[in-house]
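Enquirer: My questions all concern the structure below.
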Amino acid sequence: MEGWTIEQLEGKDVFVIEGQVAIPNNYSAGIVGSRFLVELRDNCRIMGIRCPKCDRCYVPPKSTCMECFGQLTEFVEVGKSGTLLTFTVDHHTTPVQTASPPNVYGIIKLDGADTGLLHLIGEVDGKAVKSGMRLEAVFNEERRGSILDIKYFRPAEAG
Amino acid sequence: MANRVAIVAVAQTRYHPNREDVNEGELAYEAIAQVIGETGLDFSEDGGIGLAITSSDDYWDGRTISNNIVQAAVGAHMSDEGKVCEDGLNAIYSAYTRIVSGRQDLVIVCSHMKESQADKSMVENLTMDPMFLRPFGIDYLTASALQARCYMEKYGITSEQCAKVAVKNRGNARNNPFAQEPLAITVDDVLNSEVMADPIRLLDSKPVSDGACAMILASEERARKLTAKPIWILGVSNCYEAHYLGERDLAACDALSTAAQKAYRMADIKDPVREIQVAEICEEFSYQELLWYAGLGLCGAGEGGRLIDSGVTQMGGSLAVNPSGGMLSGVPNIVGGMSRAAEIVLQLRGEAAARQVEGPRIGLAHGYTGMCGQLQCVMVLGN
Ligand SMILES: [Zn+2]
């Protein structure tokens, strides 16, 4: 080790250790989130929660109104169809993707909801997707209590 | 009147795509050593720096309690220490409040990040709600693309106008010796670059970056003795909005508007466009600079495209934005806001060399944390 200086060491013999943070977690969906997921799984129903004070319906539902901080308890079923607020045709590749690109993602305001739901858009070419278009939910045959029990949203049948 | 607080020394590393030659502590020390050297301060109990506040991110650093590794480098050994797991401008805010309260008179802050150490999309996906967002396997680029389209369609903002931000900032970076990726590019180069998540293209996005920034904050009494050019924090505020994208108006940036208005009120700024001469703002994607213009009150809602077209925010304009090249030219997340403030300090001291704006008196620094700018922080500085 004699005679080494920082200057001599700099940029040489760099040792890089591979590692990863990998901790399995169990997340509770909570009282309100659980109801939403169970309804999706068992009845293909999309549930929102309404703040009577603010007259605002949240989808997905949440326990506390972010406007008035009141506890929310009033579940309401919202439509399986809605209007596309914004979207992206996503081309970039990442290790967290669930399907190889391109994937189309959108934020959909379901009929009766006051917030938008982020989801996948399917059965349509990316070039044909337009903000403002009507979309409807397609449910998976096998459902397990997940936001992905909705397979994706597809262009709604006219009329 | 509360105590005044000044920034008395700033330093940045040169931003780089991969500093695997150093660990986080060694990287931070490159900036720390400069501000310590410049002020001649130490960490002694009697008259030395009494507190170190760092900003870093556990997931990016791949260890919880990411401040562990910089403890010695920032003088936090056997000393008062704090960590902000948010953009570095919030660390300055935190240090500011400690001095205003009278608890401390000298605080060192440091923001450090090696984005090269982890996969961006994995880290970003882990910040998202595990029930309703994470399962889609999206990252901030995807989320930002949803915001970009929402904003652009609502106000008729064009891809060309977004591209102008990338051209301006990458071009400005050519005058900044700390910049990672200065580029002479054209609007066409941006528009012809690879589509990442429509409407965001490769050159609309910032590259992976490593680097650190440090500064020393002082009470008025200490600041006067340490430097002939103290830069005063005149106003500061932050504001947090909904995490879930569908609960926000993505064509607006309400948290930023609120943070900016509070910071301006505190600094007694009534007309930011006329009273501020230089701004450094965080823009991981080009559309953000246009959207943030309105949030910062530099133009009306939806007028960001017109503002960039007008040339006001170019070098030589009456309100130059990102003379340093901004984040688009390569500045890490977390370091973003502190490095913006450091650049404003250099501008207000007249020490910004080739990227110097002519004689600014009031400057604006901005930083954000999280998906589509969920947490916004705004600081007004003056000389
Ligand atoms: Zn309410």
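The values are calculated or read from the model by the stated rules, or taken from the named source; none is laboratory data. Because the structure is predicted, anything quoted here is derived from the model rather than measured. A quick note on method: Cβ atoms are made from the backbone with ideal geometry, for glycine too, and the neighbour counts reach across all protein chains shown. Calculation scope for accessible area: heavy atoms of the full protein, side chains included, ligands and nucleic acids excluded. Shrake-Rupley method; radii C 1.70, N 1.55, O 1.52, S 1.80 Å.
Enquirer: Give me the three principal axis extents of the protein assembly as shown from the C-alpha atoms, as integers in angstrom, largest value leading.
Expert: 74, 55, 48
Enquirer: List the residues of the range B:20-56 whose backbone N lies under 20 Å from a point placed 7 Å from the Cα of B:Met78 along the Cα-to-Cβ direction.
Expert: Of the residues in the range B:20-56, B:41-53 have backbone N under 20 Å from the label point off B:Met78.
Enquirer: If I fit a long axis through the Cα atoms of helix A:30-43 and take the longest principal axis of the Cα atoms of chain A, what angle between them do I get, 0 to 90°, rounded to 10?
Expert: Approximately 60 degrees, to the nearest ten.
Enquirer: Show me B:205-217, B:342-354 ranked by packing, highest mean number of other Cβ atoms within 10 Å first. Show your work: numbers first, answer last.
Expert: Working: B:205-217: 26.1, B:342-354: 20.9.
Ranked from most to least packed, the peptides come out as B:205-217, B:342-354.
Enquirer: Then there is this: Distance check, please: which entries in A:Lys53/B:Lys120; A:Lys130/A:Lys151; A:Lys151/B:Lys206; B:Lys83/B:Lys206 exceed 30 angstrom between their Cα atoms? The partial results should precede the final answer.
Expert: Working: A:Lys53/B:Lys120 40 Å; A:Lys130/A:Lys151 20 Å; A:Lys151/B:Lys206 33 Å; B:Lys83/B:Lys206 25 Å.
Beyond 30 Å between Cα atoms: A:Lys53/B:Lys120; A:Lys151/B:Lys206.
Enquirer: Where nothing but the Cβ of Lys and Arg (+1) and of Asp and Glu (-1) is charged, how large is the charge dipole of chain B around its Cα centre, in debye to the nearest 20?
Expert: Values: 32 positive and 49 negative charges, 209 e Å.
It comes to approximately 1000 debye.
Enquirer: Please calculate how many Å² of accessible area the range A:30-155 carries per residue, with a 1.4 Å probe and no DNA, RNA or ligand atoms counted. Mind showing how you got there, number by number?
Expert: Details: 5780 Å² over 126 residues.
Averaged over the residues of the range A:30-155, the accessible area is 46 Å².
Enquirer: Additional query: Report, in debye and to the nearest 20, how large the dipole of the range A:30-155 comes out about its Cα centre when Lys and Arg carry +1 and Asp and Glu carry -1 on their Cβ.
Expert: Numbers: 16 positive and 15 negative charges, 21 e Å.
Charge dipole of the range A:30-155: 100 debye, to the nearest 20.
Enquirer: Suppose we take every Cα in the range A:30-155 and form the convex hull; what volume per residue is that in Å³? Don't jump to the answer; show the numbers that get you there.
Expert: On the way: hull volume 14.8 nm³, N = 126.
For the range A:30-155, the hull spanned by Cα atoms encloses 117 Å³ per residue.
Enquirer: Below 8 Å between Cα atoms, with a sequence gap of 6+, how large is the relative contact order for the range A:30-155 in percent?
Expert: Working: 262 pairs, mean separation 30.1, N = 126.
Answer for the range A:30-155 is 24 percent.
Enquirer: Count the net charge of all other residues whose Cβ sits under 12 Å from the Cβ of B:Cys110, scoring Lys and Arg as +1 and Asp and Glu as -1. Each step should come with its number before you reach the end.
Expert: Numbers: positive: B:Lys83; negative: B:Glu24, B:Glu30, B:Glu81.
Local net charge: -2.
Enquirer: Mind giving me the FRET efficiency for B:Ala353 and B:Asp249? R0 is 51 Å, r the Cβ-Cβ distance, nearest 0.05 is fine.
Expert: Values: r = 40 Å, r/R0 = 0.79.
My answer for the efficiency is 0.80.
Enquirer: About the Cα centre of the protein assembly as shown, how large is the charge dipole given +1 on each Lys and Arg Cβ and -1 on each Asp and Glu Cβ? Please answer in debye to the nearest 20.
Expert: On the way: 49 positive and 70 negative charges, 287 e Å.
Approximately 1380 debye in magnitude.
Enquirer: One-quarter of the Cα convex hull surface for chain B, in nm²?
Expert: Details: hull surface 68.3 nm².
Over all viewing directions, chain B projects a mean Cα-hull area of 17.1 nm².
Enquirer: For A:Ile108, list long-range residues whose amide hydrogen, built 1.01 Å from N in the peptide plane, is under 5 Å from its own amide hydrogen.
Expert: Amide H to amide H, under 5 Å and 5 or more residues apart or across chains, A:Ile108 pairs with A:Leu85, A:Leu117, A:Leu118, A:His119.
Enquirer: Using a Gaussian network model of chain B whose springs link C-alpha atoms within less than 10 Å, name the residue from B:Val84, B:Val165, B:Val109 with the highest mean-square fluctuation.
Expert: Fluctuation is largest for B:Val84.
Enquirer: Let me ask something else. Round to the nearest 0.05 the FRET efficiency obtained for A:Ser28 and A:Asp55 when R0 = 35 Å and r is the Cβ-Cβ distance. Write out the running numbers ahead of the final one.
Expert: Numbers: r = 29 Å, r/R0 = 0.82.
It comes to 0.75.
Enquirer: Considering only protein heavy atoms, what per residue accessible area in square angstrom results for chain B with a 1.4 angstrom probe? Before the final figure, lay out each step's value.
Expert: Working: 13000 Å² over 383 residues.
It amounts to 34 Å² per residue over chain B.
Enquirer: Additional query: Need one number: buried accessible surface between chains A and B, 1.4 Å probe, both sides summed, DNA, RNA and ligands left out, in Å² to 100. Walk me through the intermediate numbers first.
Expert: Details: alone 10900 and 14600 Å², together 22400 Å².
So the buried area, both faces added, is about 3100 Å².
Enquirer: Still on this structure: Once you have the Cα-Cα distance between B:Ile65 and B:Glu153, take 0.36 nm times their residue separation minus that, and quote the gain in nm to one decimal. It would help to have the intermediate numbers written out before the result.
Expert: Working: separation 88, 0.36 × 88 = 31.68 nm, distance 4.14 nm.
Gain in length upon complete extension: 27.5 nm.
Enquirer: Would you tell me the mean number of C-beta atoms belonging to other protein chains that fall within 10 Å of each C-beta in B:126-139, as a whole number? It would help to have the intermediate numbers written out before the result.
Expert: Numbers: counts 3, 0, 2, 5, 5, 12, 12, 3, 3, 4, 12, 10, 10, 6.
For this peptide, the per-residue mean of nearby foreign Cβ atoms is 6.
Enquirer: Taking the Cβ-Cβ separation of B:Thr186 and B:Ser310 as r and a Förster radius of 25 Å, what is the calculated FRET efficiency to the nearest 0.05?
Expert: Details: r = 19 Å, r/R0 = 0.76.
With R0 = 25 Å, the Cβ-Cβ based efficiency is 0.85.
Enquirer: Please compute the modelled spin-label separation between A:Glu18 and B:Asn23, points set 7 Å along Cα→Cβ, answer in nm with one decimal.
Expert: According to this spin-label approximation, the distance is 2.1 nm.
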